[in-house]
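Visitor: Before I ask anything, here is the structure I am working with.
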């Protein structure tokens with residue numbers, strides 16, 4: 001059995017995780033937050049925001065911590081969606097706690113979660129549309145966009161998850177290898193955070209809960225996935241764009 005398209009309504013809200021310190025991107029991030037680092041003249045965060053806008057997202061919550069005034073000034077330029085700032089300047093809450101803090105603004109329906117420092121070049125399909133097409137809230141609490149290492153630049157590791165023919169995900173074993181990487185975009189039910197406080201914890205806790213409940217799925221990315229973790233990765237990202245344009 002394979003995962004089949006369902007086509008529920010696309011999420012209208014999204015969380016963009018943008019509160020990290022970007023330490024590995026120094027010295028560039030000595031004077032700017034990592035989400036504002038530019039690739040081909042466009043800030044990293046705008047790749048994700050553009051993808052959300054293309055898919056009809058109307059409201060986006062962005063958490064900020066490091067150099068928040070620069071983030072606020074940049075985000076004020078967006079006129080194609082409502083942007084709500086979730087202020088974490090007093091304390092970083094990590095990816096999970098940051099979402100819990102933002103839940104009142106995200107509302108009661110499933111929402112997109114997008115990392116601000118990873119993005120993708122769409123292939124034949126728009127990947128957020130692809131993610132929404134296979135989303136099934138009756139079977140899932142979380143669904144991730146998953147890249148194959150052969151589709152990726154800037155990644156060094158042994159993979160994140162194992163995927164079965166239905167798209168269900170489990171963790172890769174400590175001594176094992178998998179080609180599948182979390183590509184920095186997901187659809188999540190707000191109920192997955194039930195009972196959790198707005199304190200520092202990783203989104204991985206939510207992933208592990210969904211794995212235990214067998215309600216954790218993935219969809220293969222169509223195109224090229226790019227992560228920009230270090231200054232050297234900027235050139236890799238630029239090269240990937242040129243290669244994609246020439247293909």
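The values are calculated or read from the model by the stated rules, or taken from the named source; none is laboratory data. Here the structure is a predicted model, which is why all the values come from computation and not from measurement. Neighbour counts are summed over all protein chains in view; Cβ atoms, including those assigned to glycine, are modelled from backbone coordinates with ideal geometry.
Visitor: Is the range 187-203 home to any residue that is in contact with a strand residue (DSSP E or B) (Cβ under 8 Å, 6 or more places away or on another chain), closer than 22 Å to residue 151 by Cα and at pLDDT 95 or above?
Guide: Yes, that holds for at least one residue.
Visitor: Which of (1) farther than 30 Å from residue 137 by Cα; (2) in contact with a strand residue (DSSP E or B) (Cβ under 7 Å, 6 or more places away or on another chain); (3) assigned to a loop (DSSP other than H, G, I, E, B) does residue 35 not meet, given it meets every other one?
Guide: Result: residue 35 fails condition (3) only.
Visitor: If you don't mind, another one. I'd like to verify a number: residues in the range 102-116 that are over 13 Å from the mean Cα position of the chain (by Cα) and surrounded by 22 or more Cβ atoms within 10 Å (Cβ to Cβ), how many?
Guide: Matching residues across the range 102-116 total 3.
Visitor: Moving to a separate point now. Please verify whether the range 92-100 includes one or more residues that are touching a strand residue (DSSP E or B) at 6+ places or on another chain (Cβ under 6 Å) and part of a loop (DSSP other than H, G, I, E, B).
Guide: no
Visitor: Now for a separate question. I'd like the full set of residues that are assigned to a loop (DSSP other than H, G, I, E, B), modelled with pLDDT under 95 and within 30 Å of residue 136 (Cβ to Cβ), limited to the range 204-238.
Guide: If the condition is that a residue be assigned to a loop (DSSP other than H, G, I, E, B), modelled with pLDDT under 95 and within 30 Å of residue 136 (Cβ to Cβ), then 221, 222 are the ones that fit.
Visitor: Still on this model: Within the range 113-125, is even one residue at pLDDT 95 or above, under 26 Å from residue 37 (Cα atoms) and either in contact with a helix residue (DSSP H, G or I) (Cβ under 8 Å, 6 or more places away or on another chain) or part of a helix (DSSP H, G or I) (or both)?
Guide: Yes: one or more hits.
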